[in-house]
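**Student:** The structure follows.
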Amino acid sequence: MKPFEILTNAGQLRRLRQLAVKALRAYDIHEPRLTALLHEDNTTFRVDAANGKRYVLRIHRPLRTVEAVRSEMMWLAALRRETELVVPEPIPTRDGNLLTVASVTEIPEHRICVLFRWIDGRFLDVKLTPSHLERVGAFMASLQLHGAQFRPPDVFVRGRVDNLTDKARRTAARGACEALVRQQIDNPADETAAIRLLTEICSPEDGARIAILIRKIREIQRVVGQKSETFGLIHGDLHQGNYFFHQRQVRAIDFDDCGYGYYLYDIAVTLSEVNWRENTPALRKNLLAGYRSIRFLSPEHEHYLDTFIALRDLQLIIWKIEMRNHPAFRDGWASSVKEMLQDLKKFVERQIP
């Protein structure tokens, strides 16, 4: 039997489908029919039950811990209970748990799985208008307001979203509550690992340039500070693949990257994914207008958004390198990383002549 890691995308999905079928046995769902949705960082299947109800099953990659996934479910449950924001509804197993752990012999590690009720809506991507982004800005600010008021139990575990490597972002120690997370800005081990990765896979020049960029990012983070007005629990991945629209209403999914971070970072994630469009200035203006209709954002802090966009782009570069052996990225990661590094080079040159 071929190792799971070297299989094609279709080959991996066939084995993950077996695991999905096994995971669904923990739920009160009869005669489920599975349709693959996405196989990248995590893997998702649409699940159609015999009674006509529809769900999404998410299978995590091995890095996530049970404590971290359960904490994500806690925030989602609180959002659904305490706000009118449309976010995923976790479905409990027959035993009342909001996650299950499944394994099959064809996949080397056990996988954490969660089931959500299906949310109707339409992704717009290239059809996004400034009006859409204004609504997204208000939605994001509302999420942040709830995150600031949310009082999680002691078992709640989420890390910092501004760490550079996937491992550092996804690995949170038990008891990594907001007070402890706030104590960290620099993460020397994480930063060293990122620079080493860029040096070895790309070039020593790229590694040196990224080291300069990291210092600039940390400098701005210190200026912004980690007060309750600037830092808290956020979605952390609200790009146009994770929000959509239903009858003009914004809806969001995939809180897998939620954690503690700068509110500016949350905004930067959304902007970074539309930063290349002809109408980017209008999209940016309206996103911020919608955001400011709910939460205050000073002109001074708005000025730092490009640095947080650079942070997000750097994270994506590192993530693509880390994921380069995944079948979804094997063919295109190198050209994508090269292009993004050129953009970061221009940013560094503008900031540090």
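The values are calculated or read from the model by the stated rules, or taken from the named source; none is laboratory data. Keep in mind that what you see is a predicted model, and the values were worked out from it rather than measured. Positions of Cβ are generated from backbone atoms using ideal geometry, with glycine treated the same way; all protein chains shown enter the neighbour counts. Keep in mind that these areas ignore ligands, DNA and RNA; they rest on the heavy atoms of the full protein, side chains included. Shrake-Rupley method; radii C 1.70, N 1.55, O 1.52, S 1.80 Å.
**Student:** All but one of (1) in contact (Cβ under 8 Å) with a residue 40 or more places away in the chain; (2) surrounded by fewer than 12 Cβ atoms within 10 Å (Cβ to Cβ); (3) in contact with a His (Cβ under 7 Å, 6 or more places away or on another chain) hold for Ala50; which doesn't?
**Tutor:** Result: Ala50 passes all but (1).
**Student:** Cβ-Cβ under 6 Å, sequence separation 6+ or interchain: first residue in region 241-269 and under 18 Å from Val126 (Cα atoms), partner assigned to a strand (DSSP E or B) and open to solvent by 20 Å² or more (accessible area, probe 1.4 Å). Which pairs?
**Tutor:** If the second residue must be assigned to a strand (DSSP E or B) and open to solvent by 20 Å² or more (accessible area, probe 1.4 Å), the pairs left are Phe244/Arg122; Phe244/Arg251; Phe245/Arg122; Arg251/Val86.
**Student:** Can you run down the residue pairs with Cβ atoms below 7 Å, 6 or more apart or on separate chains, where the first is in region 9-28 and over 15 Å from Thr44 (Cβ atoms) and in contact (Cβ under 8 Å) with a residue 40 or more places away in the chain and the partner is surrounded by fewer than 17 Cβ atoms within 10 Å (Cβ to Cβ) and small (Gly, Ala, Ser)?
**Tutor:** From region 9-28, no pairs qualify.
**Student:** To continue, here is another question. Can you tell me which residue within region 31-43, out of those that are out of contact with any Asp or Glu (no Cβ under 9 Å at 6 or more places or on another chain) and in a strand (DSSP E or B), is surrounded by the fewest Cβ atoms within 10 Å (Cβ to Cβ)?
**Tutor:** It comes out as Leu37.
**Student:** Among (1) open to solvent by less than 40 Å² (accessible area, probe 1.4 Å); (2) under 24 Å from Val161 (Cβ atoms), where does Pro327 come up short?
**Tutor:** All conditions pass for Pro327, except number (2).
**Student:** Quick check on this structure: which one of Arg312, Arg277 is basic (Lys, Arg), more than 21 Å from Gln221 (Cβ to Cβ) and either in contact with a helix residue (DSSP H, G or I) (Cβ under 7 Å, 6 or more places away or on another chain) or not in a helix (DSSP H, G or I) (or both)?
**Tutor:** Arg277
**Student:** OK, next. So the check is Cβ under 8 Å with 6+ separation or different chains; which pairs have a first residue in region 166-195 that's within 16 Å of Arg312 (Cα to Cα) and a second one that's at pLDDT below 85?
**Tutor:** Note: pairs meeting the criteria are Asp166/Leu63; Lys167/Leu63; Arg170/Leu63.
This table checks each residue for (1) at pLDDT 95 or above; (2) part of a strand (DSSP E or B); (3) buried (at least 18 other Cβ atoms within 10 Å of the Cβ); (4) at positive phi.
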{"site": "Glu67", "(1), (2), (3), (4)": "no, no, no, no"}
{"site": "Arg70", "(1), (2), (3), (4)": "yes, no, yes, no"}
{"site": "Met73", "(1), (2), (3), (4)": "yes, no, yes, no"}
{"site": "Leu76", "(1), (2), (3), (4)": "yes, no, yes, no"}
{"site": "Glu84", "(1), (2), (3), (4)": "yes, no, no, no"}
{"site": "Arg94", "(1), (2), (3), (4)": "yes, no, no, no"}
{"site": "Cys113", "(1), (2), (3), (4)": "yes, yes, yes, no"}
{"site": "Asp120", "(1), (2), (3), (4)": "yes, no, no, no"}
